[in-house]
Amino acid sequence: MTLTRKDFPNGFIFGTATSSYQIEGAASEDGRGPSIWDTFCRQPGRIQDGTSGDVACDHYHLWPEDLDLLRELGVDAYRFSLAWPRIQPSGSGAVNEKGLEFYDRLVDGLLERGIQPYATLYHWDLPQPLQDIGGWANREVAHHFADYAALVAGRLGDRVRSIATLNEPWCSSFLSYDIGEHAPGLRDRRLALAAAHHLLLGHGQAVQAMRALGKPAELGLVLNLTPAYPASQSAEDARATQYADGYANRWFLDPVFRGAYPQDMWDAFGQDVPDVQDGDLALIREPLDFLGVNYYTRSLVSAQGPVRPQDAEYTHMHWEVYPQGLTDLLLRLQREYPVPPMYITENGAAYPDERGHADIVHDPERLAYYQRHLAAVIEATRQGADVRGYFAWSMLDNFEWAYGYSRRFGLFYVDYQTQERTWKDSGRWFQGLMARTPVAAD
Ligand code: IFM
C-alpha cells in the first residue's frame, strides 16, 4: 500500500506542531516573565528527570535554522504557540514589545519560506502573577486572557492563517488542578472544574474580542480527545465508559458546541460544579471557524478502572497505539456535534530513539504510527468527516512536561548538549509525502 497527497481531500494542509515552553528556552531573556511551568519545574519531584524548559531546544535563538528545516521538510504549515509571559510578563496590562517582536520575526520567517503560520495563544505557560491570584480557578483570568488574545490578534491577525485560543483545556484544568501532574500541581476537583469553566469562558471571550477586530485569521479551539471504549458488554462497564467519556471529552465538547454541560456529569460532579453565570454558556458557544483535534490514544474502560489489552502495542508514553480510535472519533464528532471544519492539530508518538554515528536516526515504530494514523484520517474523510489538515506532533524532540527530556516525539532528533538537529526516518518519510511522490504506507 502507498500513500500520496492525492489520498487526502483537495487543499489538505500538512504541518508540524510545537509549543513555546517545550522548545523556546531563553526563559528569562528579553523581558520574559516567569510562567507557572518555571515555578513548577523548580519544585522537587515534579519533573521526572529534574529538568526544566530553561534552555529546551533553544529555539528562541535557533529559529531561523529550525524554519529552514521546515522548508526542507516541505510542509505547508507550522503550528506554534506564543508565550503569554513573553508578551505580558505580569499577565495583564503592560506589553513587552520585545516579546511581540520575537513572534513578528517568526511569522515573517515562516511566510518568507512559504509556510503558513498556525498560532496557538495558550499552550499552558500561564504568567506566574496570574497563578498568584488563583490561576484559571479565578474568573478574572478569563478576562485577562481575552485582552491578551486581542493584543496578539491585533498584531499578527493579518499574517497568520489561523489562531487557536487554547491548547487542550482538559490538561490545563483536570490534569493540572485535579490529577496534579501538571502545573500548578493541585488536587482539588472543585478548583479543576472552576478552572475548566474559566478556560472555556476565556476562550469564548477571546474569540469574540478577536473577531471584533475583523482580521482574516481563522479562529478556533484545540481539544485533546480520548475516545473511551467499554472493556466488556456489561452494564457496569458501559456506565464507567460513559463517565470516562464525560470526563475526557463531553465536558468540553458539549458546552462549546451545544451550549450546555452534560447533565450526567453535572450530576456526578455534585457539589464541585462550577459557578456558571448568566451569559457564560452563550459566550462559550461562540461559533468557531475550526476545531483542532489532538489524538494520541484511546481508553479502554471497565468498572474496576482502565484496562490495558495484552496484545496491543504501546508507545514510550505507555499509550496504546490505536489508529481506529482516530477514525471513530472524527466520525463521531461529525455525526454528534455541529462541528466546524476540523484539523488534526496533534498526533504522534514517543519512542526511545538513539542517535548512533549515522546522520539519520531510525525510528521505525514512529514511522508506522504516522502511516497508520494518516490512513485512519483518510478513512474518516472518505466516510464524511470534514478534516482539512494534519499536524505531526512534534517537529522537534522537546521538553515533555512532567517527563522532562526523557520522551522523544520529534521528526528531528535533538541533541540537548549540542543543540544539533538530526533527521529521523519519519521526517524523511514526511518529506517524501510532501514532495507528492507515493510513499510506502506499511
Ligand atoms: O507534548 C504534548 C503537547 O504539549 C500537548 N499534547 C500532547 C503532547 C504529547 O504528550
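Identify the residues of the range 1-42 with backbone N under 18 Å of a label point that sits 7 angstrom from the Cα of residue 383 along the Cα-to-Cβ direction, or state none. Within reach of a label on residue 383, which here means backbone N under 18 Å from a point 7 Å along Cα→Cβ, the range 1-42 contributes 8-9.
Packing-based ranking of 392-402, 203-213 yields 392-402, 203-213, ordered from highest to lowest mean Cβ neighbour count within 10 Å.
Taking a Cβ cut-off of under 15 Å around residue 338, the surrounding Lys, Arg, Asp and Glu residues balance to a net charge of 0, with basic ones at +1 and acidic ones at -1. Along the axis of the charge dipole computed for the chain (Cβ charges of +1 for Lys and Arg, -1 for Asp and Glu, origin at the Cα centre), the listed residues 130, 433, 307 are led at the positive end by 433. Spin-label model, residue 289 to residue 190: label points 7 Å out along the Cα-to-beta-carbon direction sit 4.1 nm apart. Gyration tensor analysis over the Cα atoms of the chain returns equivalent ellipsoid semi-axes of 29, 28, 22 Å (largest first, whole Å). Given axes a ≥ b ≥ c from the Cα gyration tensor, I'd like to know whether the range 170-235 is rounded (a/c under 1.5), prolate (a/b larger than b/c) or oblate. Oblate is the answer for the range 170-235, as a/c is 1.5 or above yet b/c matches or exceeds a/b. Taking amide H positions as modeled 1.01 Å from N, with prolines and chain starts lacking one, the residues under 5 Å from residue 389 and 5 or more places away or on another chain are 13, 344. For residue 182, the residues whose amide H sits under 5 Å from its own are 176, ignoring neighbours fewer than 5 places away on the same chain, with H placed 1.01 Å from N. Rounded to the nearest 500, the 222 nm mean residue ellipticity of the chain from helices alone is -11000 deg cm²/dmol, with -39,500 (n - 2.57) taken per DSSP H run of at least 4 residues. When you count the other C-beta atoms within 10 angstrom of each residue and take the mean per peptide, 303-310, 286-293 line up highest first as 286-293, 303-310.
In plain terms, the chain from residue 243 to residue 435 could stretch by 64.7 nm, reckoned as 0.36 nm per residue minus the Cα-Cα distance. Gain on full extension, evaluated as 0.36 nm per residue between residue 30 and residue 208 minus their Cα-Cα distance, stands at 61.0 nm.
Taking amide H atoms as placed 1.01 Å from N in the peptide plane, the amide H of residue 299 lies under 5 Å from those of 228, 229, each 5 or more residues away in sequence or on another chain.
Normalised by the number of residues in the range 147-187, the mean separation of alpha-carbon contacts (under 8 Å, six or more apart) gives a relative contact order of 20 percent. With a 10 Å cut-off between alpha carbons and a GNM built on the chain, which of 18, 165, 327 moves the most? In the Gaussian network model the winner is 327. Computed from label points 7 Å out along Cα-Cβ, the spacing between residue 406 and residue 313 is 2.4 nm. In the chain, taking the dipole from charged Cβ atoms about the Cα centre, the farthest positive-side position among 391, 380, 61 is held by 380. Per residue, the average separation of C-alpha pairs within less than 8 Å and at least 6 apart gives the chain a relative contact order of 19 percent. About its Cα centre, the range 1-146 has a charge dipole of approximately 480 debye under the convention of +1 per Lys or Arg Cβ and -1 per Asp or Glu Cβ, with nothing else charged.
In plain terms, the chain from residue 420 to residue 335 could stretch by 26.1 nm, reckoned as 0.36 nm per residue minus the Cα-Cα distance.
All of the numbers you see were taken from the coordinates with simple rules; none came from a lab. Predicted model, so just to flag it, every value in this text is computed and none were measured. Methodologically, a virtual Cβ is constructed for each residue, glycine included, from the backbone with ideal geometry; neighbour enumeration extends over all protein chains shown.
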